[in-house]
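*Asks:* Below is a structure I'd like to ask you about.
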Amino acid sequence: QVQLVESGGGLVQAGGSLRLSCAASARIFSINYVAWYRQAPGKQRELVARITNSGLTVYADSVKGRFTISRDNAKNAVYLQMNSLNVEDTARYYCNLHVIIPSTDYWGQGTQVTVSS
């Protein structure tokens, strides 16, 4: 069982930056994706960014050019650098690890990001 722990959330003014971190309790050697999702009150959880263990990335259109996902496989960690934050980025951010074989999903408990105007 892999545990994911997010950190780095908080309150920031619009235009500011935050860096989220996700630490995994164990190393995953099989092919996998790690992603950041977010969920705002009353809205569905949505994909923010995803990175494969070879470094390929995908971003939601709403964060392209502002957010950067990266990973450090040696540290079992994934990061989300968020710049030029706006009020619409306010949400709880969740780290997700998807292992391809066998197909398995792990989720963290989430970290709150609040952007004030």
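The values are calculated or read from the model by the stated rules, or taken from the named source; none is laboratory data. Everything numeric here is computed off the predicted structure, so don't read it as measured data. As a convention, Cβ positions derive from the backbone with ideal geometry for all residues, glycine included, and neighbour counts pool all protein chains shown. Just so you know, the surface numbers come from the protein's heavy atoms only, side chains and all, with ligands and any DNA or RNA stripped out. Shrake-Rupley method; radii C 1.70, N 1.55, O 1.52, S 1.80 Å.
*Asks:* Checking the conditions here, which among 68, 114 is part of a strand (DSSP E or B), touching a Leu at 6+ places or on another chain (Cβ under 6 Å) and more than 10 Å from residue 35 (Cα to Cα)?
*Replies:* Testing whether each residue is part of a strand (DSSP E or B), touching a Leu at 6+ places or on another chain (Cβ under 6 Å) and more than 10 Å from residue 35 (Cα to Cα) leaves just 114.
*Asks:* Pairs needed: first member in region 50-75, more than 15 Å from residue 95 (Cβ to Cβ); second member anywhere, outside any strand (DSSP E or B) and among the hydroxyl-bearing types (Ser, Thr, Tyr); C-beta distance under 9 Å; at least 6 residues apart or different chains.
*Replies:* The qualifying pairs are 65/84; 66/84.
*Asks:* Moving on to the next point. Considering region 41-57 alone, what residues qualify as being open to solvent by less than 80 Å² (accessible area, probe 1.4 Å), outside any strand (DSSP E or B) and polar (S, T, N, Q)?
*Replies:* Listed by number, the list holds a single entry, 53.
*Asks:* Among the residues of region 5-13, is there at least one that is in contact (Cβ under 8 Å) with a residue 60 or more places away in the chain, touching a Leu at 6+ places or on another chain (Cβ under 6 Å), among the small types (Gly, Ala, Ser) and not in a strand (DSSP E or B)?
*Replies:* Yes, the conditions are met somewhere in region 5-13.
*Asks:* Here are the criteria: (1) of a type in the set (Lys, Arg); (2) in contact with a Phe, Trp or Tyr (Cβ under 9 Å, 6 or more places away or on another chain); (3) open to solvent by 70 Å² or more (accessible area, probe 1.4 Å). Tell me which single one residue 38 does not satisfy.
*Replies:* Of the numbered conditions (1) of a type in the set (Lys, Arg); (2) in contact with a Phe, Trp or Tyr (Cβ under 9 Å, 6 or more places away or on another chain); (3) open to solvent by 70 Å² or more (accessible area, probe 1.4 Å), the odd one out for residue 38 is (3).
*Asks:* Looking only at region 71-95, which residues are closer than 13 Å to residue 20 by Cβ and at pLDDT 95 or above? Reasoning before the result, please.
*Replies:* Start the filter on region 71-95 by keeping residues that are closer than 13 Å to residue 20 by Cβ, which leaves 71, 77-83, 85, 89, 91-95.
Residues satisfying the conditions are 79, 80, 81, 82, 83, 85, 89, 91, 92, 93, 94, 95.
Rundown of residues vs (1) open to solvent by less than 30 Å² (accessible area, probe 1.4 Å); (2) in a strand (DSSP E or B); (3) of a type in the set (Gly, Ala, Ser); (4) touching a helix residue (DSSP H, G or I) at 6+ places or on another chain (Cβ under 6 Å), yes/no style:
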| site | (1), (2), (3), (4) |
| --- | --- |
| 62 | no, no, yes, no |
| 74 | no, no, yes, no |
| 84 | no, no, yes, no |
| 88 | no, no, no, no |
| 93 | yes, yes, no, no |
| 98 | no, yes, no, no |
| 106 | no, yes, no, no |
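*Asks:* Here is a follow-up. Residue 20 - would you say it is more than 27 Å from residue 102 (Cβ to Cβ), modelled with pLDDT of 95 or more, aliphatic (A, V, I, L, M) and open to solvent by less than 60 Å² (accessible area, probe 1.4 Å)?
*Replies:* So residue 20 fits the description; yes.
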